[in-house]
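Below is one structure, written out as structure tokens, with a few remarks after it.
The values are calculated or read from the model by the stated rules, or taken from the named source; none is laboratory data. No experiment lies behind these values; they were computed from the predicted model shown. Cβ sites come from the backbone with ideal geometry, for glycine too, and all protein chains shown count toward neighbours. The protein model used for the area step is the full one, side chains on, heavy atoms only, and it has no ligands, DNA or RNA in it. Shrake-Rupley method; radii C 1.70, N 1.55, O 1.52, S 1.80 Å.
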Amino acid sequence: EDKGSWTRRTASDTAIDFAKADAIFDAADYTSLVACLRAMRPQDDAQLLWRLGRALKKLGDAEKDKKAKEALVREGLACAERALKLDASCGAAHKWFAILLSESGSFGSTKESIKNSFVVREHFEQAVSLSPDDATSRHLLGLWCFEVAKLSWIEQKVAAAIFASPPRATFEEAIGHFLAAEGMDPGFYPKNLLLLAQAHARLGRKDEAKEWLGRCLAATPRSPEDEATLAEAKKLQLS
């Protein structure tokens, strides 16, 4: 396809492109998806850019070499950032920018990671606001709250030494977001069920924790991540 034919593409053609890309994503063929999206010339299309960022993140998840993983994550982050500049009203772009920015923190300093956490929360909140029916965005905001709430005393002291107002959240906040996500799409994600069990357990609510753990263990895994979640759930002790 030459450049001239690309410029004559219609909205219908573009919709077919997105459907094709999403079908490849659902099939978890991320290598093919990255190649497919790059061939679509995504430089000036926010919808293609966040999808490319998402695919690069998934490729990075499976990468064993740390340098190669970092390169994929940072390229994906650049794609999501470009998507936001092109369309700040795109909830998915905010979601994947936040996911990739959070992931990039594992390659930098503790200070950089804490600094990023404020931005990560802001973009998850934007994603929830712009895509109010997206259960995953709501789950991710809950996950942010959960991770911040369970920071150790030492980690909290480090954060307080770096920032006058370090990131703060409670397990109650996390539960609120997880429940909202579950209400939108019941059983959509075993990890959401497991986190509900863990958050209730952190608050000493054993009955609620056992109920959510039971739902998690009864879930049908649909991906390697789901299988890992169920394996983790089987090891969770709530006695």
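With all protein chains kept in place, the per residue accessible area of the range 98-204 amounts to 47 square angstrom at a probe of 1.4 angstrom.
State, as an integer percentage, the relative contact order of the chain based on alpha-carbon contacts under 8 Å between residues 6 or more apart. Kindly include the intermediate steps, with their values, before the conclusion.
Values: 281 pairs, mean separation 25.2, N = 239.
For the chain, the relative contact order is 11 percent.
Note on the range 35-75: Cα-only Rg and Dmax are 10.7, 31 Å. For the chain, the share of accessible area belonging to carbon and sulfur comes to 52 percent (1.4 Å probe, ligands and nucleic acids excluded).
Sorting THR110, THR229 on solvent-accessible area from highest to lowest, probe radius 1.4 Å, gives THR110, THR229. Volume per residue for the range 29-187 equals 125 cubic angstrom (convex hull of Cα atoms). Across the protein chains, with a 1.4 Å probe defining accessible surface, the residues ILE154, ILE114 rank ILE154, ILE114 from largest area downward. In the range 127-239 the Cα-Cα distances spread across 10 Å bins starting at 0 as 15, 41, 32, 12, 1 percent of all pairs.
Across the range 176-192, coupling constants 3J(HN,Hα) worked out from phi with the 6.51/-1.76/1.60 Karplus curve, θ = phi - 60°, read x, 5, 4, 5, 4, 5, 5, x, 6, 8, x, x, 5, 7, x, 5, 5 Hz, and Gly and Pro carry x. Derived scalar couplings between HN and Hα for the range 65-77 equal 6, 4, 5, 5, 4, 4, 4, 5, 5, 5, 5, x, 4 Hz in order, rounded to whole Hz, by the Karplus curve 6.51 cos²θ - 1.76 cosθ + 1.60 (θ = phi - 60°), x for Gly and Pro. 3J(HN,Hα) couplings calculated from phi for the range 160-165 with the Karplus curve 6.51 cos²θ - 1.76 cosθ + 1.60 (θ = phi - 60°) are, in sequence order, 5, 6, 8, 10, 4, 10 Hz; Gly and Pro show x.
Name the trypsin sites (Lys or Arg not before Pro) in the range 144-189 that are in a loop by DSSP and that have at most 15 other C-beta atoms within 10 Å, would you? Walk me through the intermediate numbers first.
Numbers: sites: LYS150, LYS157, ARG168; in loops: LYS150, ARG168.
Sparse-neighbourhood loop trypsin sites (Lys or Arg not before Pro): LYS150, ARG168.
Do you know the Lys pair count in the range 72-217 for C-alpha distances under 25 Å, with sequence separation 8 or more or different chains? Eligible lysine pairs with Cα atoms under 25 Å apart amount to 15.
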